[in-house]
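Asker: Just dropping this structure here.
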Amino acid sequence: MMTNLFSIFDPTTNLLNIPLNWISTILGLLFLPYNFWFMPNRHFMMWNFILNKLHNEFKTLLKNNYFNGSTFIFISLFSFILFNNFLGLFPYIFTSTSHLTITLSLSLPLWLSFTLYGWINNSQHMFTHMIPQGTPYILMPFMVMIETISNIIRPGTLAVRLTANMIAGHLLMTLLSSTGSNLSFYMILILILVQILLMILESAVAIIQSYVITILSTLYSSEVN
């Protein structure tokens, strides 16, 4: 029984006294292995087409930082977030990407590794990023402060963006569905139609957010060199 509106995001809830919520994080792996031993089908060709497009786009964004296999980490990140976002749309499947525990665990190590690599190996280039070209001398201290703060909050903005978008859609659908018992027959039909439209919107958000997180991580990595 749902005790409050946010209990659907509570990882301590359980089914038959077995806390299996965080296992939903690896459910996406169940969709991948059959591609390696089944004959190519439409699903496999569509997924392969998407990955090839992502590979070419990440290769372009990385520019001088690109080397063989460097796009695999971003393609893996995209796939992981996409599967978790989509699985969260199914009933009784816990949405792990709606928690900062998962999203920060993804964004913080990436940002930290890129930043440390840039400052250790190319510190002069990192210093030049602090002050945009053409900045007046009197504004340089302020620009350094602003750029420093914007760099520090990057992993937080990545994590909060994904978490907030996942929570907002689920909460809206839960709020609307909780009013169904008090509506008439025709209003319930309208409510079902609205819920279908919201489900389509949430499916689009699941794709867009995984793409945005991956693209921003790629752009952050391309700035270190």
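The values are calculated or read from the model by the stated rules, or taken from the named source; none is laboratory data. Remember, predicted model here, so these are calculated numbers, not experimental data. When we count neighbours, we look across all protein chains shown, and the Cβ atoms used for this are built from the backbone with ideal geometry, even at glycine.
Asker: Quick check on the stretch 65-93: of everything there that is in a loop (DSSP other than H, G, I, E, B) and in contact with a Leu (Cβ under 8 Å, 6 or more places away or on another chain), which residue is nearest to Ala206 (Cα to Cα)?
Answerer: Once the filter is applied, the top-ranked residue is Ile93.
Asker: Which residue is nearest to Ser222 (Cα to Cα), if the candidates are limited to the stretch 104-153 and must be outside any helix (DSSP H, G or I) and at pLDDT below 80?
Answerer: Asn122
Asker: A further question on this structure: So, Ile8, is that one surrounded by 15 or more Cβ atoms within 10 Å (Cβ to Cβ) and modelled with pLDDT under 70 or not?
Answerer: Working: surrounded by 15 or more Cβ atoms within 10 Å (Cβ to Cβ): yes; modelled with pLDDT under 70: yes.
Yes: the conditions hold for Ile8.
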